[in-house]
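*Asks:* Pasting a structure below so you can have a look.
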Amino acid sequence: DLAMYVAKGDGKNSWRRYRTDVHSGVVERLELRASLHEAAAAGQFVVRYQPMVELDGAHVVGLEALVRWEHPVRGLLGPDQFIDLAEENGAIVAIGNFVLREALRTFSAWRGTAAGQALRYVSINVSARQFRTPGFVDQVRDALAAAGARPEWLVLEITESLVLRDAEKVWADLRELRSWGVRIAIDDFGTGYSSLSYLRQMPVDILKIDKSFIDDILHSAEQLALVEAIVHLARTLKLAVVAEGIEYQEHHDVLLRLGCPYGQGYLFGRPLPPAEVSVLLATAVGV
Ligand code: C2E
Ligand code: CA
Ligand code: CA
Ligand code: CA
């Protein structure tokens, strides 16, 4: 065990738990943060694609783009290890723009194949700092043009807190994007603070129910009722709804019964490298 106990410096006979691995973790994160800009310039980021399915029939209808860092020393790093650091130092703008361009370009190529015709959209995560950076809307326009992609093929996933803070400017940008046909999804829905009356006015199209709600639907009647309420809420507000983190057939069955139209999760597929998506498309789409 790496834990040790050190005396608190307040003279009292109390003790504070102190983990020696905390220090090395901090140093490691500082190092990662310091190399993010360089890593973006060096092309060390790659995109994985997770299938999003229509729950009735489990056809693939879309793909969520999820970034990974191919670190030359530490190997493949997931976004939970670096996205917050990239938000801190602004590298998220370069990384996010890379994901946008790369995912749209790749998606356009798939759409151009017979097997890819059934794909409706690629869904891309946009962090608050990236969205707020002046010129974001222009970057989306440029990325669509460079990829030869239609705006209807693009879904942008944002968080509730972004839509709630600086609402005026953010909402104007959201309205502009939607006027082209781009759709807006609220990611991790249910974990934030949207009030219902606000939600009714928000310029958004899709709610993604956070995985934490799905985890417990088999064991908790309350959790099940909450998910059911979100599905009904979405229908009332004429929003599409996607359940995240579907891992078991039982999850799928329950969500179908609740009338949830779309989902994603390991049951249907993990985030895949592009070559494996091509194989999946040839075998699984539109069956
Ligand atoms: P998210 O947007 O909520 O994405 C879903 C996460 O859950 C992904 O983790 C995905 O791999 C994972 N997941 C999907 N299905 C299942 C399942 O059935 N079970 C479990 N246990 N996990 C599942 P990932 O790829 O590690 O991404 C983590 C988070 O990092 C994402 O959460 C998103 O907030 C952020 N992220 C990923 N890519 C980008 C990006 O390009 N830009 C920004 N700004 N954030 C990104
Ligand atoms: Ca997401
Ligand atoms: Ca999510
Ligand atoms: Ca999440």
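*Asks:* Rank Ala115, Ala229, Ala128 by mean-square fluctuation in a GNM of the chain with C-alpha springs under 10 angstrom and give only the top-ranked residue.
*Replies:* Ala229
*Asks:* Let me ask something else about it. What relative contact order, as a whole-number percentage, does the chain give when Cα pairs under 8 Å and 6 or more residues apart are counted? List each step's numbers first, then the result.
*Replies:* On the way: 453 pairs, mean separation 53.3, N = 287.
About 19 percent, as a whole number.
*Asks:* Right, another one. Roughly how many nanometres apart are two label points built 7 Å out from the Cα toward the Cβ at Arg257 and Asp84?
*Replies:* Once both label points are built, they end up 3.7 nm from each other.
*Asks:* Express as a percent, rounded to the nearest 5, the fraction of DSSP beta bridges in region 116-253 (both residues included) that run antiparallel.
*Replies:* Values: 0 of 16 bridges.
Bridges in region 116-253 are about 0 percent antiparallel.
*Asks:* Just the number please: accessible area per residue for region 36-134, 1.4 Å probe, all protein chains included, in Å². Spell out each step's value before the answer.
*Replies:* Working: 3960 Å² over 99 residues.
Dividing the accessible area of region 36-134 by its residue count gives 40 Å².
*Asks:* For a protection proxy built on the mean count of beta-carbon atoms within 10 angstrom, sort 260-268, 32-40 highest first, please. Write down the numbers at each step before the final one.
*Replies:* Values: 260-268: 20.6, 32-40: 17.2.
Highest to lowest by the protection proxy: 260-268, 32-40.
*Asks:* Where the accessible area of the chain is counted over protein heavy atoms with a 1.4 Å probe, how much of it, in %, is carbon and sulfur?
*Replies:* On the way: 7590 of 14300 Å².
Answer for the chain: carbon and sulfur cover 53 percent of the accessible area.
*Asks:* Further question: Please give the residues of region 253-281, grouped as numeric ranges, whose backbone N is less than 19 Å from a label point set 7 Å along the Cα-to-Cβ vector of Thr113.
*Replies:* 269-281
*Asks:* Next up: Top mean-square fluctuation among Pro203, Pro273, Pro51, Gaussian network model of the chain, C-alpha springs under 10 Å?
*Replies:* Result for the chain, Cα springs under 10 Å: Pro273 fluctuates most.
*Asks:* Before anything else, pin down the relative contact order of region 159-267: Cα pairs under 8 Å, at least 6 apart, normalised by residue count, whole percent.
*Replies:* 22
*Asks:* If you take the beta carbon distance between Asp215 and Ala41 as r and set R0 to 30 Å, what does 1/(1 + (r/R0)^6) give as a FRET efficiency, to the nearest 0.05? Numbers along the way, then the final one.
*Replies:* Numbers: r = 38 Å, r/R0 = 1.28.
Calculated transfer efficiency: 0.20.
*Asks:* Calculate the all-directions average of the projected area of the chain's alpha-carbon convex hull, and give it in nm². The partial results should precede the final answer.
*Replies:* Working: hull surface 75.8 nm².
Mean shadow area of the hull around the Cα atoms is 18.9 nm².
*Asks:* Quick check: residue separation of Asp142 and His59 times 0.36 nm, minus the Cα distance between them. What number comes out in nm?
*Replies:* Values: separation 83, 0.36 × 83 = 29.88 nm, distance 3.06 nm.
In short, 26.8 nm is gained.
*Asks:* What relative contact order, as a whole-number percentage, does region 29-111 give when Cα pairs under 8 Å and 6 or more residues apart are counted? Each step should come with its number before you reach the end.
*Replies:* Values: 83 pairs, mean separation 23.5, N = 83.
Relative contact order, region 29-111: 28 percent.
*Asks:* List nothing, just return the count: lysine pairs in the chain, 8 or more apart or interchain, with Cα separation under 25 Å.
*Replies:* Working: Lys169/Lys208; Lys169/Lys238; Lys208/Lys238; Lys211/Lys238.
The number of close lysine pairs in the chain is 4.
*Asks:* Between region 209-287 and region 70-91, what is the C-alpha centre distance in whole Å?
*Replies:* 27
*Asks:* Can I ask one more? If you roll a 1.4 Å probe over the heavy atoms of the protein chains, what accessible area per residue do you get for region 137-244, in Å²? List each step's numbers first, then the result.
*Replies:* Working: 5170 Å² over 108 residues.
Per-residue value: 48 Å².
The values are calculated or read from the model by the stated rules, or taken from the named source; none is laboratory data. Computed from a prediction, not measured in an experiment: that's the story for all the values here. For neighbour counting, all protein chains shown are included, and Cβ atoms are generated from backbone atoms with ideal geometry for every residue, glycine included. Surface accessibility is based on the protein's heavy atoms, side chains included, excluding ligands, DNA and RNA. Shrake-Rupley method; radii C 1.70, N 1.55, O 1.52, S 1.80 Å.
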